[in-house]
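Undergrad: The structure under discussion is supplied below as C-alpha cells; questions concerning it will follow.
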Amino acid sequence: MATIQVGNLGFGLTPLTTISPLKLKPRAGLQFHKAFEPSTPTPSGNGRVALVRLPLFPVCLCSLVDEQRQVEEEEEEEDEVVTFNDHENSLIVALIGIQGRGRSASPQQLQEVERAVQVLEGLEGVPDPTSSSLIEGRWQLMFTTRPGTASPIQRTFVGVDFFSVFQEVYLRTNDPRVSNIVRFSDAIGELKVEAAASIKDGKRILFQFDKAAFSFRFLPFKVPYPVPFRLLGDEAKGWLDTTYLSNSGNLRISRGNKGTTFVLQKKTEPRQRLLAAISTNTGVREAIDEFILLTKNVAKGEPELLEGEWQMIWSSQMETDSWLENAANGLMGVQVVKSNGKLKFLVDILLGIRFSMDGTFVKSGTNTYDVIMNDGAILAGQFGVPVEMESKFKLELLYTDEKIRITRGYNNIIFVHVHVDGSKQK
C-alpha cells in the first residue's frame, strides 16, 4: 500500500477508505509548531532515536458534544469585549503585524516584544499560576521564539503559519493533561497531541506526551496519529513555566525547558482576529466587514494617511499575470507614505533588483485621497531604468491606526497593510 508522510517525523500512515474524502496536498518542509517543548534526549547506542513506520491504528468512536461546546464557547468569547491593562496592551500592540507567530519578525519587532514580555514578567500577575483556575482552558499561541534544537514532537508543531495553534491546560481533573493542537480549518478539523501533566510548583508544569489523534469534522470518530511515544523516551518529556498570568485570565507568558518564550491568549482583540483570518486565508472579507463595523464608532476625528512604510498583506483581487501591472497598482510590495504628499510603491523583484513607482496624493474628502503614480523605474543598486506608465485612482481610508490600515484603492480593490519598521527599505 502507498503511505502518506506526516510532518517531518517520517511515520507512514496507511490510508483508510473511510477518510478518503480528505485530500491533503503535501508541502515541502512543512512542520508544525509545538506550544511547549520536551527536554534534551538521551542518545542511544548510535546517537539516534529509532522511529518505526507503523500502520494506522484502528479508529475509536467518540462523542462530538465536547467539540460542539468548544465552538459555542469560542463564539461567545468573540462577542465579549476584550480588555487588557496598559502593560499588557503594550505587548498586544507589539504583536500586531508580526506574521507567522514571530517567524517573519524584524529585529526591531522582536526587541519590542521581548521588552514588553520582560516588563510583564517583572510585574505582579496571578501568584502561583499553576494553582489558579485561570490557567485552565484553551489558549491560542500568538508568538514564540525559536529554540536552538527541536525534538521530533516539537517539529510537528513548527512552521504551520497557515494554521492556528492552540494549547489546552486542564490540571484540576483526575487525569491532568496539557495538549498541543493544530487546527487546519473549521471545515476540516484538528490534530491534538496530548500529554499527561503534573504540577511541580506554583509556576512549573511537568508533562509527558502519550497520545495523539486527528478530529475531522466530517467523521463521527477520532483517527489516532501513530506516534511511538515510548520509543521517544526523554524526547516525549518536558516542563513549562508560566512566568506571567494576567488577572483577567486572558494573557499568559510561558517559557519552556529549551528557553523558548511563548505568548498565548484566551481571547483576542479585533485586529488580531482580522490578521488571523488573513494568515489562514479564511473568511477575510467577512472579517474585514466585522472589523470595520466594530471600530466604526471608535475612530476620533478625520482619518489621515499616516506616513511610514506599509507592507501589503492582503488584497481583494488576485494578482494578474503581469508583475509590472501588479506593482504599479499596489497589488504587491511596500507603500512608502511621506508627509510632503509623496507616495512610493516598492517591490523586490530578484537579487537586489527592485521596481519603484513614485507619485503624489492629495486629500479630496473626509477619508479620501486623489492619487497619481507616474514615475516608474527598475532599480539595481544606484542604477535605474525608467518605465513609462501612469496610474490614477481614488484612495479611500476605511480604517487606520499606527499598526494596520484598510483602504479601497485602484479599481475598488480592498487592501490591508501593516506598518513595518523600514529597516530594509530606503
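We did not get these values from a lab; they are worked out from the coordinates using the rules stated. These figures come from a predicted structure and were not determined experimentally. Cβ coordinates were reconstructed from backbone atoms using ideal geometry, including for glycine residues, and neighbour counts include every protein chain displayed.
Undergrad: Label points 7 Å out from Cα along the Cβ direction at V119 and A380: separation in nm?
TA: The answer from the label model is 4.7 nm.
Undergrad: Let me spell out the model: positive unit charges on the Cβ of Lys and Arg, negative unit charges on the Cβ of Asp and Glu, origin at the Cα centre of region 358-399. What dipole size does that give, in debye rounded to 20?
TA: My answer is approximately 160 debye.
Undergrad: Right, another one. What FRET efficiency, computed as 1/(1 + (r/R0)^6) with R0 = 56 Å and r the Cβ-Cβ distance, is obtained for D401 and A196, rounded to the nearest 0.05?
TA: Here the calculated transfer efficiency is 0.80.
Undergrad: Using θ = phi - 60° and the Karplus curve 6.51 cos²θ - 1.76 cosθ + 1.60, what whole-Hz ³J(HN,Hα) does each residue of region 192-207 get, with Gly and Pro shown as x?
TA: For region 192-207, the Karplus-derived couplings read 10, 10, 9, 9, 5, 10, 8, 8, 8, 7, x, 10, 9, 10, 8, 8 Hz, x marking Gly and Pro.
Undergrad: Which residues' amide hydrogens lie under 5 Å from the amide hydrogen of M142, considering only partners 5 or more residues apart or on another chain, with H built in the peptide plane?
TA: Placed amide hydrogens put V263, L264, Q265 under 5 Å from M142.
Undergrad: Which FRET efficiency value, to the nearest 0.05, do you get for K338 and N174 by plugging their Cβ-Cβ distance into 1/(1 + (r/R0)^6) with R0 = 51 Å?
TA: 0.20
Undergrad: Compare the peptides 243-253, 383-393 by average per-residue count of other Cβ atoms within 10 angstrom and give them in order, highest first.
TA: 243-253, 383-393
Undergrad: Using the number of other C-beta atoms within 10 angstrom as an exposure proxy, rank F229, F415 with the fewest first.
TA: F229, F415
Undergrad: Rank-order 325-333, 187-195 by packing density, defined as the average count of other C-beta atoms within 10 Å over each peptide's residues, highest first.
TA: 325-333, 187-195
Undergrad: Within region 77-136, which GluC sites (Glu not before Pro) sit in a loop by DSSP and count at most 10 neighbouring Cβ atoms inside 10 Å?
TA: E80, E124
Undergrad: Applying the Karplus parametrisation 6.51 cos²θ - 1.76 cosθ + 1.60 with θ = phi - 60° to the phi angles of region 82-92, what ³J(HN,Hα) value in whole Hz is obtained for each residue in order, glycine and proline being reported as x?
TA: Working through the residues one at a time gives 9, 10, 9, 6, 4, 5, 5, 5, 4, 5, 4 Hz.
Undergrad: Sort H417, H87 by Cβ crowding within 10 Å, fewest neighbours at the top.
TA: H87, H417
Undergrad: What residues have an amide H closer than 5 Å to that of M389, excluding those fewer than 5 places away on the same chain, when H is modeled at 1.01 Å from N in the peptide plane?
TA: Under 5 Å from the amide H of M389 lie the amide H atoms of G376, each far enough along the sequence or on another chain.
Undergrad: Please give the charge dipole size of region 302-420, origin at the Cα centre, charges +1 on K and R Cβ atoms and -1 on D and E Cβ atoms. Round to the nearest 20 debye.
TA: 120
Undergrad: So for M357, M373, fewest C-beta neighbours within 10 Å to most, what's the order?
TA: M373, M357
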